[in-house]
Amino acid sequence: MAARNLSGFLVLVLVIAICEAAFVFHPITDAHRSAALDLFTPLDGSFSSLEEAYEALRSFEILGIDKKPDIRSTTCHSVLETLGSSSSSPKDLYHALRVNGILKCEVKEELFEGIVLSLKAIVSSASSLLEFYYSIGSLALIKDQSSNANVLLSDAAGVFRSIKALSQSDGRWRYGSNNPESSTSAAGLAFKALAGVIALASSEIDQAMLGTLKNDISKLFDSVEKYDDGAFYFDEKVVEAHEHQGPLSTTASVVRGITALADVTSGNIKLPGDKILGLAKFFLGIGVPGDTKDFFNQIDSLASLENNRVSVPLILSLPATVLSLSKKDQLKVKVNTVLGSNSPPLTVKLVRASRSGSKDGSIIESQDLKFDKESDSHFLDLPKTVDVGKFVFVFEVVLHDSELEKVYATGGQTQVPVFITGFIKVENAEIAVLDSDLGSVESLKKLDFAGESIVLLSANHLQKLRLSFQLTTPLGLAFKPHQLVEKLVRLQVFLKLRHETKVDHIFVVGNSGKKFEILLDFLGLVEKFYYLSGSYDIELTVGDTVMENSFLKAIGKIELDLPEAPEKAPRPPLQPVDPYSRYGPKAEISHIFRAPEKRPPKELSLAFLGLTFVPLVGFLIGLLCLGVNFKNFPSSAVPATFAILFHLGIAAVLLLYVLFWLKLDLFTTLKVLGFLGAFLLFVGHRILSHLASSSAKLKSA
Amino acid sequence: MARSTGKDAQALFHSLRSAYAATPTNLKIIDLYVVFAVSTAFIQVAYMAFVGSFPFNSFLSGVLSCIGTAVLAVCLRIQVNKENKEFKLKLESIYRHKVLSGISADAERDLPAERAFADFVLCNLVLHLVIINFLG
């Protein structure tokens with residue numbers, strides 16, 4: 001139980017640590033580049049639609065990926081097809097032109113002129129925002145791609161007004177005049193369309209109109225939402241199930257709109273720098289999205305933020321927020337644009353650094369970081385007075401060229417949580433067994449955590465166990481939990497007693513001023529220990545986020561002599577079965593074979609084998625005694641041959657039997673025996689009938 | 001009394017021996033063969049009594065092979081023995097058709113020893129096929 005609590009607690013600590021790590025934003029890195037190549041993979045040499053093709057090509061372009069898949073020929077083919085078709089909608093044309101803008105397919109000028117005429121007709125008759133957006137967007141794209149086509153709108157002010165007519169009082173837009181619901185991402189589309197109108201206008205747009213537009217933007221920014229970490233984002237107020245757009249695509253739409261607008265009005269529209277920085281942080285805070293749409297929205301929006309002419313966000317990031325005192329780590333800070341390119345010359349100032357969560361004064365104040373050209377980072381050696389702990393560092397970015405301050409958004413002061421870790425010394429560690437009534441020390445042992453030595457103690461239920469030690473920081477101060485209290489991150493000191501039967505008990509070691517001390521009164525713990533006498537292993541755990549030498553150490557064994565368990569005493573809990581053991585090897589199955597029969601000694605068997613030959617020998621000797629001879633053996637050639645064949649046949653059959661015994665099976669044996677038998681019958685008949693006839697003759701004679 | 005019994009036994013033994021000496025040689029060979037087979041069987045039984053009958057089928061095969069061949073040899077001896085009139089008379093009926101066909105009845109009345117020997121060989125081969133099969 002206690003162990004589970006502990007692990008849950010550690011998980012919580014980790015989660016918090018991860019959440020806090022997210023406070024530090026990092027610019028786009030190579031992780032995005034490799035992710036882009038994984039995400040945007042064409043099927044059979046092309047993407048399923050021109051929109052997807054554009055998203056892929058644009059992402060590769062922004063990230064500067066050269067090794068992109070070769071889709072030019074197939075994609076250009078479908079671009080020309082779309083542009084040439086009279087049934088293409090403005091949306092199709094828009095995507096085709098966007099792809100063409102990157103791939104520079106060879107499109108004939110006449111084709112553009114035809115498209116421009118039909119688009120202008122759509123613009124003048126359009127009623128919905130999307131029609132305006134796609135047709136004006138297409139015209140603006142043609143303006144960049146064709147030198148001859150006359151794309152300028154003669155009635156720019158009229159178009160501007162009809163788009164503006166769809167705006168709402170809170171800065172959001174409607175998709176059409178008969179659609180009463182307003183949307184934030186529609187506002188982004190409207191800004192983009194309006195930026196297109198201003199760019200395409202044949203005459204200057206009225207400044208009063210631009211003034212109302214500025215008003216709309218500032219109203220829209222009133223509805224911006226904020227995360228705790230300083231990231232800003234836009235979200236739809238009304239969530240429509242069928243067309244839901246998340247905060248990412250909504251924010252991306254707005255960012256594209258306002259940056260486009262800021263570009264064409266060349267500085268007339270001011271955007272609040274901290275909000276721009278907040279939006280950039282929002283996009284960077286997502287990490288690497290796993291979806292192509294999200295990925296494109298993130299990268300494209302960051303690119304528009306980086307390339308806008310009004311305020312370019314600069315991101316201050318720390319390669320490491322955990323600094324080790326024992327390794328003499330330097331404080332390093334990098335300042336980059338969102339896409340990771342270098343910043344203009346600037347100085348990073350450490351305004352102050354203070355212990356997180358405490359009111360004591362700051363430990364470092366207004367220090368300028370030195371700039372290192374090689375690693376392109378700003379660094380500072382930590383002063384000697386810095387001790388371990390969790391700190392908040394406040395940085396400020398000061399641009400060398402004050403003119404540039406209007407162009408770059410640095411966001412004022414940036415707070416970064418920094419952990420400074422170090423080696424914590426354990427001192428005056430001792431473990432003692434005390435007598436309960438008098439409190440006198442029965443046995444006291446010093447503990448040395450550096451060595452491997454363990455102590456052996458013994459105690460009964462009337463005694464107490466006392467463990468005490470001190471922790472000191474590198475600066476020589478007592479290392480106390482209250483120094484570190486920051487939410488749940490705190491020093492953890494546990495003492496664990498584990499019985500031989502794996503039943504363990506965990507105690508939290510308390511802190512009294514300078515010392516850590518725990519006093520275990522075994523009398524009160526008898527029931528908790530389930531009356532289990534015997535040897536207990538003692539383990540001590542000391543750990544903290546800023547402690548580099550956190551340890552879990554077996555410090556010794558204690559032989560406990562506890563009273564017998566009464567009848568109703570609680571039983572020790574069963575040890576949980578290790579869930580992984582299910583997948584482990586099963587117990588080996590041993591097969592039971594019949595034990596072999598007892599065999600006689602080999603010599604005895606051989607002796608009897610010899611003995612069985614004795615009658616044979618006797619038989620042969622008997623034959624000799626009887627005077628057996630071969631006189632009756634046929635003397636003429638033919639019967640003699642048959643006689644020999646007869647005996648050979650019998651010998652062959654007997655040999656076959658031996659083979660049958662040794663290796664042949666019954667069927668083979670019978671087959672061969674069939675032939676041999678027939679042969680034997682034949683020769684046997686011949687020789688025996690010859691003998692019979694000769695003996696009959698002998699008799700008759 | 002005891003002496004006379006010994007003498008009588010001796011006399012009996014002697015007369016038996018002299019009577020047996022008159023037996024034809026080929027019958028003596030068969031007798032010797034029977035003795036050989038039975039004593040081999042006896043040795044195997046003795047082995048079993050000493051050691052145990054563990055490969056019981058092997059033991060049975062060995063003993064039955066000996067007993068079987070001894071029995072067959074005895075059968076051979078019965079047929080070959082010329083004094084076995086009874087056996088011959090029985091056979092007479094079998095050969096009656098030959099008597100009728102004009103062949104000398106006297107010559108045919110003796111069962112050819114070769115025929116009996118052929119039976120003996122055939123039966124032994126069949127017996128040992130079974131024995132080997134059973135030997136394991």
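Just so it is clear, none of the values below were taken in a lab; they were calculated from the coordinates. Predicted model, so just to flag it, every value in this text is computed and none were measured. No Cβ is skipped: glycine too gets one built from the backbone with ideal geometry, and neighbour counts run over all protein chains shown.
Considering only A:325, A:532, A:212, the residue lying farthest towards the positive end of the dipole of the protein assembly as shown is A:532, judged by Cα position with unit charges set on Cβ. Helix A:637-662 and the longest principal axis of the Cα set of chain A meet at an angle near 40°.
Computed from the Cα positions only, the extents of the range A:362-418 along the three principal axes stand at 39, 25, 16 Å, in decreasing order. For q = 0.09, 0.17 Å⁻¹, what log10 I(q)/I(0) does the range A:22-310 give under the Debye formula with an equal point scatterer on each alpha carbon and no solvent? With no solvent term, the Cα-only Debye profile gives -0.43, -1.52. Using only side-chain charges placed at the Cβ, +1 for Lys and Arg and -1 for Asp and Glu, the dipole size of the protein assembly as shown relative to its Cα centre rounds to 5340 debye. Radius of gyration (Cα atoms) of the range A:315-421, expressed as a multiple of 2.2 N^0.38 Å: 1.07. The mean of 1/r over all distinct Cα pairs in the range A:427-571, once inverted, gives the Kirkwood hydrodynamic radius of 16.3 Å. In terms of distances greater than 27 angstrom between alpha carbons, the cross-link table entries A:502/A:586; A:237/A:270; A:226/A:328 yield A:226/A:328. Here the spin labels are modelled as points 7 Å beyond Cα on the Cα-Cβ line, and at residue A:515 and residue A:648 they lie 11.3 nm apart.
Our summary of shape: the Cα atoms of chain A have principal axis extents of 163, 101, 55 Å, ordered from largest down, in whole angstrom.
Putting +1 on Lys and Arg Cβ atoms and -1 on Asp and Glu Cβ atoms, find which of A:541, A:499, A:558 reaches farthest to the positive end of the dipole of the range A:427-571. The residue sitting most towards the positive pole is A:541. Placing +1 on the Cβ of every Lys and Arg and -1 on the Cβ of every Asp and Glu, with nothing else charged, gives the range A:315-421 a dipole about its Cα centre of roughly 400 debye.
Quick one: if the Förster radius is 45 Å, what FRET efficiency do residue A:152 and residue A:415 give, using the C-beta to C-beta distance and rounding to 0.05? For R0 = 45 Å, the calculated efficiency reads 0.35. Taking every Cα-Cα distance in the range A:622-688 and sorting them into 5 Å bins from zero, the calculated P(r) comes out as 4, 16, 20, 16, 15, 14, 9, 6, 1 percent. The residues packed around residue A:136, meaning those with a beta-carbon under 11 Å from its beta-carbon, carry a net charge of +2 if Lys and Arg are +1 and Asp and Glu are -1. Which part of the range A:579-603 falls in the paramagnetic zone of residue B:53, meaning amide N under 18 Å from the point 7 Å along Cα-to-beta-carbon? Only A:597-600 pass the distance filter.
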